[in-house]
């Protein structure tokens, strides 16, 4: 799976450690990606503007949360 970038359309595959997560299958647009750490300890905060909740964004942490890139910021579909 390709790493998401700002402007990509994504689908939520899995959310961990959240007492009230969004439903798997929700789709949205990546607003930003920030990386932290090095090597095996590297992780990212992915800020997503979800279609069902356009007034606010919701951040995921990867790993462990998982999103699938559906299309890039140019509208090119991801080939699965």
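No lab work stands behind these numbers, since they all come straight from the coordinates. On a predicted model such as this, the values are computed, not experimentally measured, just so you know.
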Among 20, 65, 47, determine the one that fluctuates most according to a GNM of the chain built with springs between C-alpha atoms less than 10 Å apart.
20
Considering Cα pairs under 8 angstrom that are at least six residues apart, work out the relative contact order of region 9-70 and quote it in whole percent.
38
Report D for the chain in µm² per second (integer): Stokes-Einstein, Kirkwood Rh on Cα pairs, 4 °C, 1.567 mPa s.
101
